[in-house]
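Read through the structure below, which is laid out as structure tokens, and then see the notes.
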Amino acid sequence: MCVATLCQFWLSQALPLDCKDESGSLSHCNSISQEKLLDRVIQHAELIYRVSEESCTLFEDMFVPYPLHVLMNRGGNTCHSKPIPIPGTKSEIQQISDTWLLHSVLGLVQSWMEPLLYLQTALDRYDDAPDALLSKTKWVSDKLLSLEQGIVVLIGKMLGESVLASSTLFQHTISSFDGQFPEVLESVLRDYHLLTCFKKDAHKMETFLKLLKCRQTNKLSCVSH
């Protein structure tokens, strides 16, 4: 886990990934070369994962007793993004196409748009939620939207395909996050579960994008990244 000053340094060094212009088009990213755009997308995915790790750890320290960490890690609580097929082994990842990588990252990004908005609302209701946790959740939500826009442009550049941002394909209603846990700890466990799932999916986004980058430079030697 990084300290706050180091995190602020990372955030300040991030290259911009604000794709939309005043008209709402993605022209800002369209003007960037494919190689540079991929680098910026990877950097944002890295930062999103790092901040998601910190948010999860901070939430654990503040609200989740250690025995519940074990309970949550025993399995049985499926992440809402599970319907998106994710290869489970290095050999499977090695065989998948660039098209699959890009569309899977886009699907993962879009699947978290609404849950992160829900988390912002939920954490605001905590009496003792630290400002750092609230600001990290808001930052991740904003950067995920920028990442989505960058991926959409990257798909156009690399695959020659046109896709829409903010697809409703993987959207979920807030009610879909209710009723998964015993009533007494329902809200805390639900929010912890979402933070943990997002951390896992953020790591997948970063891994897939780095694999894609590796393939652009030396595909024959690129097993996993």
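Data table
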{"item": "Residue satisfying all of: in the stretch 92-128; farther than 20 Å from HIS203 by Cβ and of a type in the set (Val, Ile, Thr); surrounded by the most Cβ atoms within 10 Å (Cβ to Cβ) among these", "result": "THR99"}
{"item": "Near pairs, Cβ below 8 angstrom, 6+ apart or cross-chain, from the stretch 45-63 (closer than 13 Å to LEU194 by Cβ) to any residue that is among the small types (Gly, Ala, Ser) and assigned to a helix (DSSP H, G or I)", "result": "SER52/ALA202"}
{"item": "Test for CYS29: is it at pLDDT 75 or above, hydrophobic (A, V, I, L, M, F, W, C) and part of a loop (DSSP other than H, G, I, E, B)", "result": "no"}
{"item": "Among (1) within 22 Å of SER162 (Cα to Cα); (2) at pLDDT 80 or above; (3) acidic (Asp, Glu) - the single one GLU54 does not satisfy", "result": "(1)"}
{"item": "Number of positions in the stretch 141-200 that are among the β-branched types (Val, Ile, Thr), at pLDDT below 85 and either under 17 Å from TYR49 (Cα atoms) or not in a helix (DSSP H, G or I) (or both)", "result": "3"}
{"item": "Residue ranges of helices (runs of 4 or more DSSP H) in the stretch 62-140 with at least 2 members out of contact with any Pro (no Cβ under 7 Å at 6 or more places or on another chain) and modelled with pLDDT of 85 or more", "result": "98-111, 113-124"}
{"item": "Given (1) modelled with pLDDT of 70 or more; (2) exposed (fewer than 15 other Cβ atoms within 10 Å of the Cβ), number of the condition SER12 does not satisfy", "result": "(1)"}
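The values are calculated or read from the model by the stated rules, or taken from the named source; none is laboratory data. Computed from a prediction, not measured in an experiment: that's the story for all the values here. Positions of Cβ are backbone-derived with ideal geometry, glycine not excepted, and every protein chain shown enters the neighbour counts.
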